[in-house]
Amino acid sequence: GPSLDTLAKARGMRFGTAVNGRPAGTDSGSRANPAYAALVTGECGLVVAENEMKWQALRPAPDRFDFARFDAMIDWADRQHLAMRGHNLLWHQDKWLPRWMATHDFGRDRRRAGERMLVQHIETVCRRYGRRIRSYDVVNEAVTPATGALYDTALSRAIGGAEPTLDLAFRTARAAAPHAQLVYNDYMSWEPGNDRHRAGVLTLLEGFKARGVPVDALGVQSHIMTQPAGSDATAREAEWRRFLDAVTGMGYGLVITELDVRDNNLPADPNVRDRAVADYTRAYCDLMFSYPQLRDVLVWGMSDRYSWIEGFEPRKDGARRRPCPYDDRFNPKPMRDSLAAAF
Ligand code: XIL
């Protein structure tokens, strides 16, 4: 049957996934997994590096870049005719910046030095890849979920505030990659408990508009999780539509950047979980795909085998997580059917 990307293309969309060094074999040759590579190239039209483009990967020291791993990955993607998204130019949280940043001496003119470091980073990356990358998550996760306020980081403190830091990131990206879609990417979602996070993201997006900051789209990460039986799906969908209407009403596009599904509130039986995850995915995609502003849909891993969720939030009963469209032996799951049907 047709690939997910083929189905997506039939309605003017694209389908892709995050990849790590495995399919590309770029972690080290011995870890290449041809079966996984075949799965990715067979289903996808675009990919994104799970970690290889982050500051922590590219900036071993303040005065040094290391592009080896990401270069290997984008070369592989080019050979496979897969488009590459850029993730990300600034993950605006101390714990996701390189460790050296926390103690970096910005000198007497901290503001200028901080600005120079950020501008140099973004210009260096954007110029290196040029038109090979046509969509960037310029800023990742700047909003504190519990309060809606912006985080501060060692870098933004040097620059003199979160707002000027994020604005500078986008303005620099626009100048250095004028051909690229510029995305603000975050994980506010439709589940209960996300209202402050959503409100904070809306405030940020309004501020970008008011200040004329060049942001093209909201990246909706979509690390979603099945809800307890009896949860109010109608209320959830209505609230989510209100949020998406506000975002698109301001003129922003939408990208699903990191879809995966946590099988919460479900018994260990994999068949039961896979069914529930598929149904939840279908409801989510049907709603999301009703927005013509959404063109690109990426999952955060094609196979349960390599999903970050297992390490990030394992199930309490010890059963392995099953968050992806394919299982750990690369067999398609009901979630794959849901995506196909939604396209
Ligand atoms: C995650 C990776 O999957 C992990 O391997 C890494 O240890 C931490 O980052 N939101 C994002 C992604 O924007 O960059 C994160 O990726 C998942 C959550």
| field | Total residues in the stretch 319-334, condition farther than 13 Å from M225 by Cα and either in contact with a strand residue (DSSP E or B) (Cβ under 9 Å, 6 or more places away or on another chain) or free of Cβ contacts under 8 Å to residues at least 40 places away in the same chain (or both) | value | 10
| task | Check Q181, Q120 and return the single one that is under 20 Å from V215 (Cα atoms) and under 16 Å from the mean Cα position of the chain (by Cα). | result | Q181
| request: Look through T248, T226 and report the one residue that is farther than 13 Å from Y291 by Cβ, among the β-branched types (V, I, T), at pLDDT 95 or above and more than 16 Å from the chain's Cα centre (by Cα). | output: T226
| task | Quick one: which residue in E141, E115 is farther than 25 Å from Q221 by Cα and crowded, with 19+ Cβ neighbours inside 10 Å? | result | E115
| Which listed residue is touching a Ser or Thr at 6+ places or on another chain (Cβ under 7 Å), among the polar types (S, T, N, Q) and within 17 Å of W91 (Cβ to Cβ), from Q221, Q181 | Q221
| query | Among the numbered criteria (1) farther than 30 Å from R128 by Cα; (2) surrounded by 23 or more Cβ atoms within 10 Å (Cβ to Cβ); (3) touching an Asp or Glu at 6+ places or on another chain (Cβ under 9 Å), which single criterion is violated by R262? | reply | (2)
| query | Taking the stretch 31-75, which residues are within 23 Å of N140 (Cα to Cα), of a type in the set (V, I, T) and assigned to a helix (DSSP H, G or I)? | reply | I74
| query | For residues in the stretch 1-45 being within 16 Å of the ligand (Cβ to nearest atom) and either touching a strand residue (DSSP E or B) at 6+ places or on another chain (Cβ under 8 Å) or at pLDDT 95 or above (or both), which is farthest from H87 (Cα to Cα)? | reply | Y36
| request: From (1) within 16 Å of the ligand (Cβ to nearest atom); (2) farther than 30 Å from D216 by Cα; (3) at pLDDT 95 or above, pick out the condition that doesn't hold for W308. | output: (2)
| note | Here the residues within the stretch 284-317 that are without any contact (Cβ under 8 Å) to a residue 40 or more places away in the chain and either assigned to a loop (DSSP other than H, G, I, E, B) or surrounded by 18 or more Cβ atoms within 10 Å (Cβ to Cβ) (or both) are S290, P292, D304, P314, K316
| task | Find the residue count for the stretch 85-143, including only residues that are more than 15 Å from the ligand (Cβ to nearest atom), under 18 Å from E163 (Cα atoms) and either of a type in the set (K, R) or not in a helix (DSSP H, G or I) (or both). | result | 4
| task | Could you tell me whether the stretch 273-280 includes any residue that is among the acidic types (D, E), assigned to a strand (DSSP E or B) and either over 19 Å from the mean Cα position of the chain (by Cα) or within 16 Å of the ligand (Cβ to nearest atom) (or both)? | result | no
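The values are calculated or read from the model by the stated rules, or taken from the named source; none is laboratory data. Quick caveat: nothing in here was measured; it's all calculated off a predicted structure. A quick note on method: Cβ atoms are made from the backbone with ideal geometry, for glycine too, and the neighbour counts reach across all protein chains shown.
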